[in-house]
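Everything below concerns the one structure shown next.
The values are calculated or read from the model by the stated rules, or taken from the named source; none is laboratory data. Please read all numbers here as calculations on a predicted model, not as lab measurements. When we count neighbours, we look across all protein chains shown, and the Cβ atoms used for this are built from the backbone with ideal geometry, even at glycine. To get the accessible areas, we keep the full protein, side chains included, count just its heavy atoms, and leave off ligands, DNA and RNA. Shrake-Rupley method; radii C 1.70, N 1.55, O 1.52, S 1.80 Å.
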Amino acid sequence: MKIFADSACDLPLEFFKENDVELFPLSVLLDGKEYEDIVEIHSNEVFDAIRQGQQPKTSQASPDKMMQTWKSLAASGEDGLYIAFSSELSGTYQTAVMTSDQVREENPSMNLAIINSHCASLGYGLLVKEAVRLRDEGLGVQEIEDKVRTMASHMEHLFTVEDLDYLAKGGRVSKASAFFGGLLNIKPLLHVEEGKLVPIEKHRGRKKVLRRMIEMMEERGSNLQEQTIAISHGDDLKTAKEFEEMIQEVVKPKAIEIHQIGSVIGSHAGPGTIALFFLNQTENE
């Protein structure tokens, strides 16, 4: 069985190689040149460019690459599962459905499940890792699809950014929502609602907003001591590590994973972003 994911899951390139997951890179346009996320550009370069006043642009995964990938899958006779970046934040999911429908016209027996994760960054990445675990346990496409869809529907995203203007410029939040960003050390707290980024609170200072994120995780989370939760950061490992220690003192989850945000999401969220991902319901309930 083949598993596919795109670069917006913010898992490192080594993960794809080591776990036999095929990558669809989204693209970043910087200095007039287009780069494949993860493969041809590191997010450090994107964050440095943003700090220098540039505004990188992004685009969805290549339709041609998807078309060729589905044709190869159909020819191989293997089953396939593609977990896609939230359709509210990218056209990649719609492109996957369109290209697979075209391939299926000539290959009606192709067994490919496509999931709109409604997730981003490591919230999406945790879904991909769970799909790999289930595949390696020997589960079939339908079982994995059902479990991943359920997990996706319970994935919480909480995050704060240094400057909401980055998200506003990229159209990821409304310009009206960005008015308080950057003023008087006010830090916004956002979450993902139905696949979209939504500002929900504002706090004065980084430590206060991080503490509030932990409070909200306790309020929303379920069986946190049995979960692997994730932290992604916009070129700010120091704060991510401090955040990890704060979480360990309060929650003590089974494990905490930390990864840097990739180039595509980083182009919109900007440097200094800190994001937290966990489940509000688990299989034990």
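Here are the numbers for this structure:
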| quantity | calculated |
| --- | --- |
| Residue, least open to solvent (accessible area, probe 1.4 Å), within region 13-33, restricted to residues that are of a type in the set (D, E, K, R) and in contact (Cβ under 8 Å) with a residue 12 or more places away in the chain | Glu22 |
| Among (1) in a helix (DSSP H, G or I); (2) out of contact with any Leu (no Cβ under 8 Å at 6 or more places or on another chain); (3) open to solvent by less than 40 Å² (accessible area, probe 1.4 Å) - the single one Val192 does not satisfy | (1) |
| Residue list for region 199-235, restricted to those being at positive phi and touching a Gly at 6+ places or on another chain (Cβ under 8 Å) | Asp235 |
| Of all residues in region 96-119 being open to solvent by less than 10 Å² (accessible area, probe 1.4 Å) and within 16 Å of the chain's Cα centre (by Cα), the one that is nearest to Asp64 (Cα to Cα) | Ile115 |
| Residue list for region 217-239, filter: farther than 16 Å from Leu11 by Cα and either surrounded by 15 or more Cβ atoms within 10 Å (Cβ to Cβ) or touching a residue at least 24 places away in the same chain (Cβ under 8 Å) (or both) | Met217, Glu218, Arg220, Gly221, Ser222, Asn223, Leu224, Gln225, Glu226, Gln227, Asp236, Thr239 |
| Flag for Ala5 being assigned to a strand (DSSP E or B), touching a Leu at 6+ places or on another chain (Cβ under 7 Å) and of a type in the set (A, V, I, L, M) | yes |
| The listed residue being of a type outside the set (Lys, Arg), more than 24 Å from Met213 (Cα to Cα) and at pLDDT 95 or above, out of Met155, Met98 | Met98 |
